[in-house]
1. In the structure shown, do any of LYS23/LYS85; LYS60/LYS356; LYS220/LYS356; LYS23/LYS230 have a Cα-Cα gap over 20 Å, and if so which?
2. If the chain between LYS212 and GLN337 were fully stretched, how many nm would it gain, using 0.36 nm times the residue separation less the Cα-Cα distance?
3. Sort the following peptides by mean Cβ neighbour count (other Cβ atoms within 10 Å, averaged over residues), highest first: 225-233, 162-170.
4. Could you please rank CYS234, CYS114, placing first whichever residue has the fewest other Cβ atoms within 10 Å of its Cβ?
5. Which value, in nm² and rounded to one decimal, describes the direction-averaged projected area of the C-alpha convex hull of segment 260-303?
6. Quick one: length gained pulling ARG174 to ARG71 fully straight, 0.36 nm per residue minus the C-alpha distance?
7. Give me the distance between the Cα centres of segment 336-351 and segment 139-164, rounded to whole Å.
8. Say the cut-off is 22 Å between C-alpha atoms; which of LYS155/LYS279; LYS101/LYS143; LYS155/LYS288 go over it?
Amino acid sequence: PALDEILNLHDFEAIARQVMSEKAWAYYSSAADDEITNRENHAAYHRVWFRPRILRDVTKVDWSTTILGQRSSMPVYITATALGKLGHPDGELNLTRAAAKHGVIQMIPTLASCSFDEIIDAAQPGQVQFFQLYVNKDRNITKRIVQHAEQRGIKGLFITVDAPQLGRREKDMRMKFEAEDPSEVSKAGSGGVDRSQGAARAISSFIDPGLKWCDLDWFKSITKMPLILKGVQCWEDALQAYDLGLTGVVLSNHGGRQLDFARSGLEVLVEVVDKLKEKRGLMFPNEKFQLFVDGGVRRATDVLKAVALGATAVGVGRPFLYAFSAYGLEGVDKALQILQDEFEMNLRLLGAPTIKDIVSEMVDASNIHSH
Ligand code: FNR
């Protein structure tokens, strides 16, 4: 179908499924085991309802915000997803270019298909990018990658902590991974590729399962970039990250691709906000320690629920992959435009002229229990 028939982010998935190669669809869409967490990620948003306000002047609304002190046109960033060239020959560059046009921030993955420098070079002057790090068993490689990222102007380092081993993604495992084009996997520190168990397993064998809390001091000693843990799943770990002086955490289960029956990021958000208030007197959102959520976000209303509950911003993954797999750059542009339009309308309907006006009283989250 023509791009102007696409009305929402779900539509991209339905179309991508028809037009993508079986191998690419399997890698992008798959999740762990029975994919219960993947389904729950989106379903969790159905348990939160709005309490809109009326008669507030909403002639002009503004949904821009700041993320780690950087301007963003909306409280959404493009999260890290590996292997962009499986879906489209320009891979991650589709995301970089659409992000520039819309003033949103792209998180570059360690396992991008395009090289890191290619993605940086494709950015506009002043365009903000973050970097997602998989920590290599060889810390010299990790140190080199981190310092290179900082030197190239990356504004936030997101260390993925939910993948000491890659989850079982059976759809993907049924596809034997053959990278016809070696550039499908960038050199980003993989090596020792086992092609017998799907794309995910093939590219991830370098990741260090021995990573532990005390390694974080080492990261602080090698970089001045803000450090954020990606894949925190309970308040205890969020608190530890705060006490270590990190800049934030992403409450995420990796799009349901790791531990099946991990809870949704939205549910974890509620308990983290509760407990960090109780234990440290923190109020969210705040600049010093920022909470992010990803997984299953498909509508601006989903984003606004997370923001109301204390998130600084929300990551979106698969919809952008599906958008460029089906339509290239124009697909991602369209996906971001849909979100912009949804924000404008929903801020009006909520009676919130700006993102700061989205407060916890605007949602009823009583169906989400804190632990
Ligand atoms: C991911 N994700 C991910 N995360 C990460 O830290 N490093 C990575 O290399 C990848 N790769 C990756 C590939 C694919 C195909 C997907 C779908 C996801 C997880 C990603 O950052 C994010 O947590 C989820 O994608 C969010 O869920 P949604 O928006 O895809 O539902």
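1. On the way: LYS23/LYS85 12 Å; LYS60/LYS356 14 Å; LYS220/LYS356 31 Å; LYS23/LYS230 26 Å.
In this structure, LYS220/LYS356; LYS23/LYS230 lie more than 20 Å apart at Cα.
2. Details: separation 125, 0.36 × 125 = 45.00 nm, distance 4.01 nm.
Roughly 41.0 nm would be gained on extension.
3. Going by the mean number of other Cβ atoms within 10 Å, highest first, we get 225-233, 162-170.
4. Numbers: CYS234 15, CYS114 22.
Ascending Cβ contact count within 10 Å gives the list CYS234, CYS114.
5. Working: hull surface 15.5 nm².
Seen from a random direction, the Cα hull of segment 260-303 projects 3.9 nm² on average.
6. Values: separation 103, 0.36 × 103 = 37.08 nm, distance 4.19 nm.
Taking ARG174 through ARG71 to full extension adds about 32.9 nm, to one decimal.
7. One Cα centre to the other: 34 Å.
8. Values: LYS155/LYS279 29 Å; LYS101/LYS143 32 Å; LYS155/LYS288 15 Å.
Over 22 Å Cα-Cα: LYS155/LYS279; LYS101/LYS143.
Coordinate-derived values only; no laboratory data. All values reported here derive from a predicted model rather than from experimental measurement. Counting neighbours? That spans all protein chains shown, and the Cβs are built from the backbone with ideal geometry, glycine included.
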